[in-house]
Structures are given as C-alpha cells and as structure tokens.
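The values are calculated or read from the model by the stated rules, or taken from the named source; none is laboratory data. Keep in mind the model is a prediction, meaning the values are calculated, not measured. With ideal geometry, Cβ positions are generated from the backbone for all residues, glycine too; neighbour counts draw on all protein chains shown. Ligands, DNA and RNA are excluded from the accessible area calculation, which covers all protein heavy atoms including side chains. Shrake-Rupley method; radii C 1.70, N 1.55, O 1.52, S 1.80 Å.
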Amino acid sequence: MAVVLDDFNFETVVIAQDLLNAGEECTQRGLNFTAKWLAEMDFAVTQKLDPDVADSLEYQQPKRKGRARYVLAKKYLDVKEYSRCAHYTRGSKDQVSMFLHYYSRYMAGEKIIVEDESDKSSETKIAHLKLLHQDLGRLRNTAQWDGYLCYLHGLVLRKMDIPHALEVLQDAVNLTPLNWAAWLELANLIKNSEMLSQLKLPDCWMKYLFMGHILGELHLDEAALSLYEKLHQGVFEHSLYVKSQIAKIYYSLRDGIQAATKFSEIREEDPYCLDAMDVYSNVLYVQINQPELAQLAHQAFAVDKYRVETCCIVGNYYGLRGQHEKAVLYLQRALKLNPHYSYAWTIMGHENIEMKNSNAAIACYRKATEMNMRDFRAWYGLGQAYEILKMPLYSLYYYRMAQSLKPDDSRMLVALGDAYDKLERLHDAKKCYWKAHCVGDLECIALLRLAKTYDKLKETDHAAAAYCDYLRDSEKQGSGEGDEHHGQAYLYLASYYLSKGPQFLDLAREYAQKCVEYPTTLADGKALLREVAQRCQEENSRDQNSIFHSRQPLRRVGGEDSLNLVFTP
C-alpha cells in the first residue's frame, strides 16, 4: 500500500504549535507517555525553525473551575494513588477533571490485576471495565464529551474485545487528531490492509505518522520504509522516533547491517535513550555480536535497570551466552513491569525452546499472540514448538498463521513446506519450497528441500536441476562451503548422471570427486568413483571389440541360400 506525501503541505511552525498544545493537554490529563512522545517530536521539529520563532510559541492555559481540587487530584495520579484521584474528581463537570476521574478508575483496576497474582476468572478481571463502559456510554452526546473521553471509551471497549471499539477509536482520532495514544489504540485493531483502507481518518499531519506505524505493524515494510524516509527528509529530520522506526523496518527486512547502523546513530545522538533498544539487542543477537551486545546491556542497566527494554536487552545478552536460565529470569522481570509486552513473551518462548521446554514455550508464545496478533515470530515459534512435539497438524496451522502475516518471507514458506512434507503432502510442500525460492531464499534452504521433494516424487530430472541450482546459488552467496548438504547434493548428482548412460560418465566422475571432499559422503564418493571407473573400462572394452569385429570379413554358413551371418573367428 503506497502512501503519497505530495499533499503534505503543513507548515513546520503549525506542526510545532500543534505538538506543544497536544503535549500540554495530555500532561494535564496524566497521559504521560503520550506527552513525552509529543515533547520529543516537538523538540525535533523546532530544530527546523528559527530560534526566535520557536521561542515565541506558547500554550494558552485555559481557566479552570475548582483549580485546587484538580491540582490535588492530578498529583495523586502522578504518584499512582489512583483511587484517591478518582475520589477527589467524582462529580466534576470540567472536561479535564472528568477525564482524570475515569482514567484513574481505569488505572486502579489495571493495577489490581497486575499486582494480584491469583488466577481469577476473566469476568472478574474486566469488572471495572464494565462499569467504565456503562458510565462513559452515558456521557456520549453530552456537552462534556470530547476526543479524550472518546479515546478512553475506545480503550475500554478494546480491552473488553467489543467490536464497537474500532468505530469509537475512529471517532476519537477525528475529534482529537493530535492524541497519539488514540492512534496507537486504533492501530491495535487493524488486522490487514483491507481494514486500513476502510478507515475514515482526519486530514491531519499526524495521519502520516500513523500510516508509517501501521504499515510497519502489518509488515508492509517497503511501503513503511518509503514513507518514513520521506518524513525523515522533511520536517522530522531530527526525530529520534522516526529514525528508530526506520531501523526497526530495516531489521524486519532482514538488513541487519543497516538496522545496526541506524541504532548506533541514535545511541550517539542520545546515549541514554532506551526506546526501541530492545530491538537493537535483537539485531546484535542475530549478528552474534556479543561484545556490542554486552556494552549495550551494561549501559542500559546503568541508565535504568527497571525499564522493560533493559530487562529484554540483558535477557538477550544472557541468551547469546547460552545462559538461558538467567535470560528467562530477566524476561520474567520485564513481564512483571509490563505484562502486556508481547516482545518479552516471544523472546522468553525462544529461550524455553533452547532449554527444550516446549510446554513452557507454547504458553509464552500464546501469551504473545494474545497481546499482539500480528507478531509473526510468536506464531512461528508455536509452529516450531509443536514440530518438536511431533504434532505436524498443529505446527502446520501455526506456520500458516505466520506465513499469512509475512507472505514473502522465505523462512515462513520453508517451515510451511516442512510441515506439509511431514504430513506426506508432497505436492503442497513442493509449491511452498518453490515460492520460497522465488521470493528470495537468503539461507539457500528452499532449493535443497525442493530437490529432496522432487526425489520423493520420483521426478529425478527436476531433482537434479534443483540440486544444480542450489549449488550455484549457494556458491554465489558464499554459503555452504564445507556444508554436509553440499556433499549430499554432489552425491545425488553423481548417482543421477551415472544412471543416465555412458555419455554422462565424465559428469558423474566430476561430482563423485566432489563427494570425497566432505566427511559425510567420503565413503559413498569413493564407491561411486570405483563404479565410474569400472563403467569406463567396460565402455572402452566394448568400443574396442566393436572396432575389432567391424574389420573382420563375413562368410556364409549353412549353404549358399542361408541367411545366417557370423563373424569369422
């Protein structure tokens, strides 16, 4: 899905003023993370302005009735005394104080759920949400109703899994288009590009940041990268948020070098920034860059050891060192801080897989998919876990889910093909392996699997062609030297050409000689070389006999009229 920025004609000073106003409004309502994000964006945008113009911007503080009561309630909210905040704002008619009342009630309920470790029923856990839904529903179409209350209502509906949440959150972003929290909640409900295209969004510059975010979440990485790069080249040139989003998309595109470079630039600009650094730790983990990951873990621990990102970074560090028990310990700490953080659930699933604890891994991956249904790594992990348990039908289902989220990722297609292969659905497996090769198989696995599938289907000519392509592609990519799979490919090709007749004996000898270079095919390669040599001797002796006999005179046997012809001895 392409997003056109040609109509992005908003002035920088207008954007800066919008960010300032929205930041103050969110601060007044206790939406601190949103206010922080808006302040960071405001700081980035004002660097594009003349200093005098930037300093002239100011927020017009509205007069508020019951100022002292509001200030007291806000301080209670700031120190997480949510019930006291709700108590002191009960019955308020001011929009900001009303939001504080309902928001503090919501936060009080969520706090109880997090702190109460008993296994309560789902009905008990959403009791506070039901009350909020009823109270907020009665406020609709009243004079006090605004975009912030609408956002809170949508948040409650989403937590309750009520489909009406999508419509309410659309209303919220249209009423208050600068509330980034409402955009993020709306993004959580978008399952595919069709749903995205049906949204009715406001004509506001914030829409483009939302589109970049949701395109990345839907794994439409090329479109998201194009949009973010245009934003980065324009008014958001100095935005660390935009830079981190670009880095995350490079990682999703499996371009680890570019992703690591972008994250390094962010750390140089702000060495105390922990936002998205857990993703950077994953990049370093995949690159097996233990020194850099160790440095990142030490610095993050020094900045704030109780941040979720820090716990995930340290967990990745211990995972790379093979200390999986310690890794799980830090990931559990991360989930204590934020039980809804799907990324930590997914990594903990990976660590349990490493410890051969498939049941625990399955529980973690299921939690991750509950938190974020678009997390293809969690679906893929579930497929792996059930594959280890030798339950191919289950693994097939989860690999399908992962592949539907990343349709052009060769890893998902190869895993899907493997599941079909275990179920003896060889033609389906063949299709998956072929598509994996077509979309770009960086590991050079798809052609190898495809060749083996052709062999099982007795399509020997196709199998030989696939093995040849596998050897050629892996040689181009510089992978597979000394790999036992190479030896198996050479062994198959040597046997194939040996069976094709005397005119292919030279090719059979060439591939058999390659076999002896690999320990796993050394004995078979030597046996094939002996058989090739024997065949060559037989062919040579047969050729010599044919030449000898062709030069001998013929004589008649059995009389003049006999047609029996023999060679003269």
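Helix 342-354 against the longest principal axis of the chain: what's the angle in degrees, Cα atoms only, rounded to the nearest 10?
For 342-354 against the chain, the angle is about 40 degrees.
For every helix of n ≥ 4 consecutive DSSP H residues, a contribution of -39,500 (n - 2.57) applies; sum these over the chain, divide by its total residues, and give [θ] at 222 nm rounded to the nearest 500 deg cm²/dmol.
Values: 31 runs with 403 residues, N = 569.
That calculation yields -22500 deg cm²/dmol at 222 nm.
Rounded to whole Å, give me the distance from the Cα center of the range 234-261 to that of the range 64-96.
A separation of 40 Å, based on Cα centres.
Going by average Cβ neighbours within 10 Å, how do the peptides 22-30, 225-233 rank, with the highest at the top?
Working: 22-30: 21.8, 225-233: 19.1.
Answer by packing, highest mean first, reads 22-30, 225-233.
Mind checking the dipole of the range 405-460: about its Cα centre, +1 per Lys or Arg Cβ, -1 per Asp or Glu Cβ, Debye to the nearest 20?
140
Can you bin every Cα-Cα distance in the range 85-174 into 10 Å intervals starting at zero and give me the percent of pairs per bin, rounded to whole numbers?
16, 49, 29, 6, 0
Quick one: putting +1 on the C-beta of Lys and Arg, -1 on the C-beta of Asp and Glu, what dipole do you get for the chain around its Cα centre, in Debye to the nearest 20?
Computed about the Cα centre, the dipole is about 1920 debye.
Between D78 and Q295, what length in nm is gained on full extension when 0.36 nm per residue of separation is reduced by their alpha carbon distance?
74.8 nm
Would you mind getting the accessible area per residue of the chain, heavy atoms of the protein chains only, 1.4 Å probe, in Å²?
52
Work from the charge dipole of the chain (Cβ charges, +1 for Lys and Arg, -1 for Asp and Glu, about the Cα centre) and give the residue of G319, T12, M348 farthest towards its positive end.
The Cα lying farthest towards the positive end belongs to M348.
If you put +1 on each Lys and Arg Cβ and -1 on each Asp and Glu Cβ, how big is the dipole of the range 339-393 around its Cα centre, in Debye rounded to 20?
80
Residue by residue through the range 219-233, which ³J(HN,Hα) values in whole Hz follow from phi under the Karplus form 6.51 cos²θ - 1.76 cosθ + 1.60 (θ = phi - 60°), with glycine and proline marked x?
Here the 3J(HN,Hα) series is 6, 8, 5, 5, 5, 5, 5, 4, 5, 5, 5, 5, 5, 5, 6 Hz.
Classify the range 339-393: rounded, prolate or oblate, from the alpha-carbon gyration tensor (a ≥ b ≥ c, eigenvalue square roots; a/c under 1.5 rounded; otherwise prolate if a/b is larger than b/c)?
Since a/c reaches 1.5 but b/c is at least a/b, the shape of the range 339-393 is classed as oblate.
Mind running the shape call on the range 299-340? Use the C-alpha gyration tensor, a ≥ b ≥ c as the square roots of the eigenvalues: rounded below 1.5 for a/c, prolate if a/b tops b/c, oblate otherwise.
On the way: a/c = 2.61, a/b = 1.23, b/c = 2.12.
Oblate, because a/c is 1.5 or more while a/b does not exceed b/c.
Give me the percent of accessible area attributable to carbon and sulfur for the range 195-320, probe 1.4 angstrom.
Carbon and sulfur atoms account for 49 percent of the accessible area of the range 195-320.
With every protein chain left in place, what is the accessible area of E354 in Å² (1.4 Å probe, nearest 10)?
Using a 1.4 Å probe on the heavy atoms, I get roughly 100 Å².
For helix 484-499, report the angle its Cα long axis makes with the longest principal axis of the Cα atoms of the chain; keep it between 0 and 90° and round to the nearest 10°.
Once rounded, the angle reads 30 degrees.
Report the paramagnetic label zone for S56: residues of the range 9-29 whose backbone N is under 15 Å from a point 7 Å from Cα along the Cα-to-Cβ axis.
Those under the cut-off are 12-17.
Could you grab the relative contact order for the chain? Cα pairs under 8 Å, six or more apart, rounded to a whole percent.
6
Please give the net charge around V516, taking every other residue with its beta carbon less than 15 angstrom from that of V516, where Lys and Arg add +1 and Asp and Glu add -1.
-1
As I understand it, the value is the acute angle between the Cα axis of helix 165-175 and the longest principal axis of the Cα atoms of the chain; what does it come to in degrees, rounded to 10?
Roughly 60 degrees, rounded to the nearest 10.
So if I restrict to the alpha-carbon atoms in the range 171-214, what is the Rg, and what is Dmax, the biggest pairwise distance, in Å?
Using the Cα atoms of the range 171-214, the pair Rg, Dmax is 9.5, 24 Å.
In square nanometres, what is the average projected area of the Cα convex hull of the range 13-142?
Dividing the Cα hull surface by four gives the mean projection, 10.1 nm².
Projecting each Cα onto the charge dipole of the chain (Lys/Arg +1, Asp/Glu -1 at the beta carbon, about the Cα centre), which of M211, H101, Q299 comes out farthest on the positive side?
H101
Carbon and sulfur atoms: what percent of the 1.4 Å accessible area of the range 339-393 do they account for?
That share works out to 57 percent.
Let me have the relative contact order for the range 339-393, percent, based on Cα pairs under 8 Å that are six or more residues apart.
Rounded, it is 36 percent for the range 339-393.
Hey, with R₀ at 41 Å, roughly what FRET efficiency would V286 and R67 work out to, going by the Cβ-Cβ distance, to 0.05?
FRET efficiency, V286 to R67: 0.15.
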